[in-house]
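None of the figures in this text is laboratory data; all of them are computed from the coordinates on show. Source: prediction; values computed, not measured.
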Amino acid sequence: MNVILYGGTGMLGRGVLLECLRDDSVKSVLSIGRTPLGVSHPKLREHIRPDPSDLSDLAGELSGYDACFFCLGISSLGKKEEEYRAVTHDLTLAVARPLAAANPALTFTYVTGEGTDSTEQGRTMWARVKGRTENELLALPFSAYMFRPSIVQPVSGMPTRTWLHRVGYVVTKPLYPLVGRFAPKQFTTTKALGRAMIAVATPGSEPGTRILRSPDINRLAGDQ
């Protein structure tokens, strides 16, 4: 399996990257982003660019990939809808559309979140924007899967790079065992997220749904 990865410097994307590098079924990983990963591996190749949605110089290669794991995103905190939509929706679709055109057999996974509004009509801004993004991805001519985790525990020593989230992680870290025990349907890990993405992109996989919540992610990862 040859994989394109977006968002490899973030908490979720780094967890997915580590699982791809560990998994023998993944033969190569092309990471596309604005900043270097700081990781060296024989399977890994990086394209660093100011505009990660620009795939023009890769046009001849896109049909050679089996999956795109799209983990790039920003927090809606303090953002106006237009600013949030530019990254969450516009950038995502600017990547997805040429991939779908070049390779309809591609599997595209997108990280959204529990509470995403598929109707696009709700009062919560981030949920509407995520819902629109999901709906448009699902309409493209490739196999798209929406990952909607709720509570995600970073594992393998790879916390988020966002300082506010880092503080939150340190404060809440002792609570993760309790959450996993008493609210297992809301809980997953970065490792499970990576394993589940590899699973849905594996030929013959039958996820059963295009919208995957924490229990689905854990099941596909083999954690349940």
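Using only the alpha-carbon atoms of region 1-101, report the extent along each of the three principal axes, biggest first, to the nearest angstrom.
Answer, in whole Å and largest first: 42, 29, 20 Å.
Dividing the convex hull volume of the Cα atoms of the chain by its residue count, what figure in Å³ per residue is obtained?
Numbers: hull volume 28.4 nm³, N = 224.
So the per-residue Cα hull volume is 127 Å³.
For the chain, what is the relative contact order in percent, using Cα pairs closer than 8 Å and at least 6 residues apart in sequence?
The normalised contact order for the chain reaches 20 percent.
Could you derive backbone 3J(HN,Hα) for region 16-21 from the dihedral phi with the Karplus parameters 6.51, -1.76 and 1.60 (θ = phi - 60°), listing whole Hz in sequence and x where the residue is Gly or Pro?
5, 4, 4, 5, 5, 5
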